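Here the structure is laid out as structure tokens; the discussion comes afterwards.
The values are calculated or read from the model by the stated rules, or taken from the named source; none is laboratory data. The model shown is predicted, which means the values in this text are computed figures rather than measured ones. No Cβ is skipped: glycine too gets one built from the backbone with ideal geometry, and neighbour counts run over all protein chains shown.
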Amino acid sequence: MSASDVLVRLSSLGKDFDVSPPFLNRLLEREDRVLLKAVDSLSIDIPKGKTFSLVGESGCGKSTVAKLVVGLYRPSRGSIVYDGIDMPTLKTQADVEPFRKRMQMIFQDPYASLNPRWRVSDIIAEPIRAHRQITGKRAIDQRVAELLVQVGLASADGVKFPHEFSGGQRQRISIARALAGQPEFLVCDEPTSALDVSIQAQILNLMTRLQRQFALTYLFISHDLAVVYHISDFVGVMYLGRLVEWADKRTLFQRPWHPYTRMLLDAIPDLELSGRQRSPVAGEVPNPIHPPSGCHFHPRCPHANERCRNEVPNLVRKDTSEVACHALLENRLPEVTVTGEPADVGSGG
Amino acid sequence: MSEARSNQHLLSVENLRVEFPTRRGTLVAVDRISFHIDEGEVLGVVGESGAGKSLTGAAIIGLLEPPGRVAEGNIVFDGERIDDIGYEKMRRLRGNQIAMIFQDPLTSLNPLFTVGRQLTETIRTHVSIDERKARVRAIELLNEVGIPAADRRVDQYPHEFSGGMRQRVVIALALAVNPRLIIADEPTTALDVSIQAQIITLLKRLCREHGTSVMLITHDMGVIAETADRVAVMYAGRIVEIGPVGDVIKRASHPYTRGLMNSIPVIRQDIEQLVQIDGSMPRLTDIPPGCAFNPRCPKVFETCRTERPELVDVGATKAACWLYDYARRPGAGSTT
């Protein structure tokens, strides 16, 4: 992918959280500082106009990445290059502001992310006012009404309060607010996880339509692989703060390489009723404060050997995927083409 | 319905109606539903939030929060009515004959007692054995649900267990006295996918081994597809379709079930837009007359707006939809 196509480039991005005991305890009990590496040297390129998804189980650091990208957290290491500019190096508010306008975030919980005391029109107008994009009450009202219609609500809904809406409608309000500043990049952190399936379909359809209409770029965070398959162009799989594999979605879902990706795909309940016997991988995600040495996945991996226990694998290109796995390099991984695909779908990727 | 014991259902619910009296009138949260569960069978109950599936479970086990109450209908377990038996009798039935697994394993365990104490207490409430034997049984149970080093972990507190392990403990608690029916309310919803797969596999294995019947309440069709024998689809407090899981998932009859199935994204299926059901489920305060789904239904016609459809046989399943009442649907007589 050439540099001009890339909107956001994360390189060796890292974020540590200090989870040490209080200072006095450390002093008296002679304990060291404890750092939790929530994100550990993560590098991805998000191409313009596309959807890049990060998947993983709770605690894998995917939401931390979302917050780093929009600047809610300051990275401990690495860079976030947005359209050629390294964001964390910008110091003054005046430098940052032009970039802030261009990105917005949609949060998971539509009940917590809307101020219950504000009218919907004020919620949506806030970014417009903050960025002074339009001035004059009438012009703003008109813009808000337009946004409400764009997300499938009525323009008259602006005078209502958030509690008058259902979960799905609230998520539409969140989307309208995100669109208000006319951004080009949306970071969506589990935008449909709190919604019922029929509502989820409405929101996903809305997001697809808006992406086409406004040429938006999405960073999409989710734990639901089916949703990710539906909405993404590229998918990255995270495990305990590290990216273990990424590829375009068809390759990733049809020829997964990393044992963790394979395990995730195998764990999805089967709607096809094939009667397939699954062999769920034993064990659970370890405590991220004391992650396993070497490859984080080795205690649960059926292909682990001595090298996996000691040495951190780097992302290596394999066909069209990038995979961080020693077993793959040493040709110890059996090739797997995922079965159970609907018969009417061609080989795709 | 209570003649020959051989063809009797383990649990049968008839015309169950759960109401919540409020200042602004009575809300009907579960509206005249009927279903049954046979010995050793897994019945999935699926629906969106607010469809009344959890309340149905709570009504069966007598745990409806006041002012909620069973206003109509009866619940028969093993040939006896259990909806009007009073607190003490119900308490003895709970845990002994019918057990419940809740969604959040952390809130269903007491944080102040060790896992072992909670297990032995449950066992000794229902079976008269001494403390030591109960402890042995507790360790056995923990082993059975796949907790490693059970003899050591039996003395640990719930906070020392991870989410998946806690849910295993809860399952051990439910199985403690070999109940005949387990009501599992969203048992895997709070868990990650890989852990969810482990818990589903465990539940399936245990129920097969013990011959336990399960009422599995969930919003996740995938979990139902993997686990249930039959499935009941609920919408706005009513059962809209019920039947063998394969028929409901692959050949859904009710427009709601069909819409629900189509709105689930499927891996390796490339489509630009998902099929969506417009609108959302009505609130309990304004359930429309007739079929509750009629404002969102693509096939709605006049009868749907005025009269409530009952469940009728459609192939292998039953669906509550006027489309299948050939005398009532528009163009009656034609076969379209």
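If I ask for residues that are in a helix (DSSP H, G or I) and within 30 Å of A:MET207 (Cα to Cα), which ones from the range A:74-92 would you list?
Just the residues of the range A:74-92 that are in a helix (DSSP H, G or I), to begin with: A:87-89.
Once the filter is applied, which keeps residues that are in a helix (DSSP H, G or I) and within 30 Å of A:MET207 (Cα to Cα), the range A:74-92 yields A:MET87, A:PRO88.
Would you call A:VAL55 closer than 20 Å to A:GLY241 by Cβ, within 14 Å of chain B (Cβ to nearest Cβ) and modelled with pLDDT of 90 or more?
So A:VAL55 passes the test.
Could you check the range B:209-319 for helices (runs of 4 or more DSSP H) lying wholly inside it with 3 or more residues that are more than 14 Å from every other protein chain (Cβ to nearest Cβ)?
Answer list for the range B:209-319: B:302-306.
Among the residues of the range A:144-190, what is the count of those that are within 14 Å of another protein chain (Cβ to nearest Cβ), more than 21 Å from A:LEU216 (Cα to Cα) and aliphatic (A, V, I, L, M)?
1
Between B:ILE75, B:ILE139, which is more than 24 Å from B:GLN196 (Cβ to Cβ) and not in a helix (DSSP H, G or I)?
Criteria check complete, one pass: B:ILE75.
Do you know which residues across the range A:289-309 are more than 17 Å from A:GLY241 (Cβ to Cβ), in a loop (DSSP other than H, G, I, E, B) and without any contact (Cβ under 8 Å) to a residue 24 or more places away in the chain?
A:ALA304
Name the residues in the range A:205-228 that are in contact with a Lys or Arg (Cβ under 9 Å, 6 or more places away or on another chain) and either β-branched (Val, Ile, Thr) or surrounded by 23 or more Cβ atoms within 10 Å (Cβ to Cβ) (or both), would you?
The answer is A:THR217, A:TYR218, A:ILE221, A:SER222, A:VAL228.
Would you pick out the residues in the range A:225-248 that are facing chain B (nearest Cβ under 9 Å), touching a Phe, Trp or Tyr at 6+ places or on another chain (Cβ under 8 Å) and either of a type outside the set (A, V, I, L, M) or not in a helix (DSSP H, G or I) (or both)?
A:TYR229
Looking only at the range B:204-223, which residues are under 23 Å from B:VAL127 (Cα atoms) and surrounded by 24 or more Cβ atoms within 10 Å (Cβ to Cβ)?
Of everything in the range B:204-223, just one residue is under 23 Å from B:VAL127 (Cα atoms) and surrounded by 24 or more Cβ atoms within 10 Å (Cβ to Cβ), namely B:VAL214.
I want to confirm something. Restricting to the range B:187-206 and keeping residues that are of a type in the set (Val, Ile, Thr) and outside any helix (DSSP H, G or I), which single residue is farthest from the other protein chains (Cβ to nearest Cβ)?
By that ranking, first place goes to B:THR189.
Restricting attention to the range B:96-121, which residues are in contact with a Leu (Cβ under 9 Å, 6 or more places away or on another chain), in a loop (DSSP other than H, G, I, E, B) and within 26 Å of B:HIS219 (Cβ to Cβ)?
Scanning the range B:96-121 gives a single hit, B:LEU109.
Quick check: is even one residue across the range A:126-136 in contact with a Leu (Cβ under 8 Å, 6 or more places away or on another chain) and either surrounded by fewer than 19 Cβ atoms within 10 Å (Cβ to Cβ) or farther than 29 Å from A:PRO98 by Cα (or both)?
No, that holds for no residue.
(1) exposed (fewer than 13 other Cβ atoms within 10 Å of the Cβ); (2) more than 25 Å from A:GLN202 (Cα to Cα): which one isn't true of A:LYS101, the others all being true?
A:LYS101 satisfies all of (1) exposed (fewer than 13 other Cβ atoms within 10 Å of the Cβ); (2) more than 25 Å from A:GLN202 (Cα to Cα) except (1).
State which residue is nearest to the other protein chains (Cβ to nearest Cβ) when the search covers only the range B:158-186 and only residues that are without any contact (Cβ under 8 Å) to a residue 24 or more places away in the chain and of a type outside the set (A, V, I, L, M).
B:SER162
Identify all residues within the range B:278-308 that are of a type in the set (Lys, Arg) and within 14 Å of B:ALA320 (Cα to Cα); write none if there are none.
Across the range B:278-308, the qualifying residues are B:LYS299, B:ARG305, B:ARG308.
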